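The values are calculated or read from the model by the stated rules, or taken from the named source; none is laboratory data. Everything numeric here is computed off the predicted structure, so don't read it as measured data. Every residue, glycine as well, gets a Cβ built from its backbone with ideal geometry; the counts of neighbours run over all protein chains shown. These area figures cover heavy atoms from the full protein model, side chains too; ligands, DNA and RNA do not enter into them. Shrake-Rupley method; radii C 1.70, N 1.55, O 1.52, S 1.80 Å.
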Amino acid sequence: MQNSEGASDTTTGVAALRSSSSAQAPVVQPVPASQQLQWLLDNYETAEGVSLPRCSLYNHYLRHCQEQKLDPVNAASFGKLIRSVFMGLRTRRLGTRGNSKYHYYGIRVKPDSPLNRLQEDTQYMAMRQQPVHQKQRFKPLQKVDSMSDSLCGSSQHCSGTPEQSVAAQSQHHQQYIDTTHSLPPFPSPDLGTQPLPERINMSDIKKLQTLYRGHCEATLDVVMNLHFHYIENLWQTFWNSTPPPSDGSTTIPSSDDDLERVIPREKLISLCKYEPVRVWMRSCDHILYQALVEILIPDVLRPVPSTLTQAIRNFAKSLEGWLTNAMSSFPQEIVRMKVAVVSAFAQTLRRYTSLNHLAQAARAVLQNTSQINQMLSDLNRVDFANVQEQASWVCQCDESVVQRLEQDFKVTLQQQSSLDQWATWLDNVVSQVLKPHQGSPSFPKAARQFLLKWSFYSSMVIRDLTLRSAASFGSFHLIRLLYDEYMFYLVEHRVAQATGETPIAVMGEFSDLSSMMPSLMEKDASFSDELTLGSDADASGGPVEPAVKRERIELSHPLQEM
């Protein structure tokens, strides 16, 4: 059935082409329908989440006809042919009012197509496969120049125009990110028994769900195409979709049904004041930003070009300012909530790129036989009995567990294990230590305590190496930084898995706490009072031992119960 429909559509398109061709003066040979079809199939392919300017496709076609000395058909007939070859193609109008263009959504130039080497229309080539939801371009030359600087770095061999440099770099960087990732489903708002705000009904809630989902998909598309500078404009467009008439500039929504794709500003503000909507929006943001992290850094240990990591870090640095500016006129409750989540996202990008940088530096050390032998020699001189004696009072760890980890570390080092093998060893350590707490409400606390103890022990070993002026101190310091950071990464994901949250949500808890700093300071003050009372009791001979015992018991779980 589908084949017959496809044949019918193709026949219709070819008939339209023949009709249009016969109406033109036969200056040159008409283009055979089969050749047109083959040219389209050779140079274009369907793809989700991308779009091409309609005029660009037709310009490519005209250039092809000129090179082959063939008679082109008009744009309308060419459009019919496009739709007959690529089923389900949609047309959307993107850009600002007065500067918008129609785009075909769901099609792109094939990576191996000669069209990628065209020197004309460089602005299009730099932004090809532009995400369909992108609304507006602003100061393109300035933005492209700054992006080109961050991508090209200090290289003196960036040839061609800035737009071409960006296009080439972006295409090269695509292999290091996960372009197959899709946005997971969003939960539905849990309204509970709370009444809806005044002049807000359930259709408004459902409309917000649809539009916010589309906004998040647009954000994902932009990031997946590495067009980081579009995010600011994307956020400005969503949160200021209906500016005051005095502004004079209106942004065209991403589809033709303008009224259905915009929530009036007053309603959007009312919705953002509604607690269930804020909670729902935060959950959606956690899912979105976790997906973006997994797209940009799918493997924290894999070698990545420094130009890409620097572009990601610059992106992370700009996020909070972009969001704050876009939501400057919105209630502080929603702004604080969203900034807390985006702050956790930015911090995660910074940590993961730093972890990746450490991994590449450590890889060279772990592959150097002479350095490994020197590290092993220096490590064997460390007085681990003294380390354990000093650390036991603070950590209360089982001595047999510490000794086993010490021996495993030395054996793994002696075997000149690769970075991936070290990562597996660290993962096994986390699994063994946290296994007794699996499925327990105390799992997150036990995981945090393990991180503190791991860091304390590693700092004690580094201290001993420092006092002995170990020749391999620099190598150990680098390895220690990497392993501490990777342990943090592993524990972060284990806690997220145990609590059913995303790692972004786990880290976002601390960002949320920062917004509650005044109340925390009040608690700190009361805690200080308790300490003062405790010291007074101590001076007067009062009982202070129970507090010490409680502290020792709290610190004794993760390693001791293994």
Can you spot a residue in segment 385-404 that is among the hydroxyl-bearing types (Ser, Thr, Tyr) and under 29 Å from the mean Cα position of the chain (by Cα)?
-> no
Residue check, Gly321 against (1) within 27 Å of Phe476 (Cβ to Cβ); (2) open to solvent by 10 Å² or more (accessible area, probe 1.4 Å); (3) under 37 Å from the mean Cα position of the chain (by Cα); (4) not acidic (Asp, Glu), all met but one. Which one?
-> (1)
Per the filter on segment 63-74, residues closer than 18 Å to Asn43 by Cα and open to solvent by 40 Å² or more (accessible area, probe 1.4 Å) are Arg63, Gln66, Glu67, Gln68
Identify, please: which residue in segment 271-306 is of a type in the set (D, E, K, R) and either open to solvent by less than 50 Å² (accessible area, probe 1.4 Å) or outside any helix (DSSP H, G or I) (or both) and is, among those, farthest from Leu183 (Cα to Cα)?
-> Arg302
Mind counting the residues in segment 378-414 that are without any contact (Cβ under 8 Å) to a residue 60 or more places away in the chain, open to solvent by 40 Å² or more (accessible area, probe 1.4 Å) and of a type in the set (S, T, N, Q)?
-> 5
Among Ala311, Ala344, Ala316, Ala362, which is the only one that is within 28 Å of Tyr176 (Cβ to Cβ) and not assigned by the TED database to the domain that holds Val293?
-> Ala362
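Run down Ser417, Ser440, Ser431 and say which single residue is open to solvent by 30 Å² or more (accessible area, probe 1.4 Å), out of contact with any Lys or Arg (no Cβ under 7 Å at 6 or more places or on another chain) and modelled with pLDDT of 90 or more.
Unique residue meeting the criteria: Ser431.
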Has segment 324-332 got any residue that is farther than 21 Å from Tyr489 by Cα, surrounded by 20 or more Cβ atoms within 10 Å (Cβ to Cβ) and assigned by the TED database to the domain that holds Thr180?
-> yes
If we scan segment 450-471, do we find a residue that is in contact with a helix residue (DSSP H, G or I) (Cβ under 7 Å, 6 or more places away or on another chain) and assigned to a loop (DSSP other than H, G, I, E, B)?
-> yes
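Matching residues to (1) open to solvent by 20 Å² or more (accessible area, probe 1.4 Å); (2) assigned to a helix (DSSP H, G or I); (3) out of contact with any Leu (no Cβ under 8 Å at 6 or more places or on another chain); (4) under 20 Å from Val277 (Cβ atoms):
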site	(1), (2), (3), (4)
Leu191	yes, no, yes, yes
Arg199	yes, no, yes, yes
Lys206	yes, yes, yes, yes
Glu217	yes, yes, no, yes
Leu220	no, yes, no, no
Trp235	no, yes, no, yes
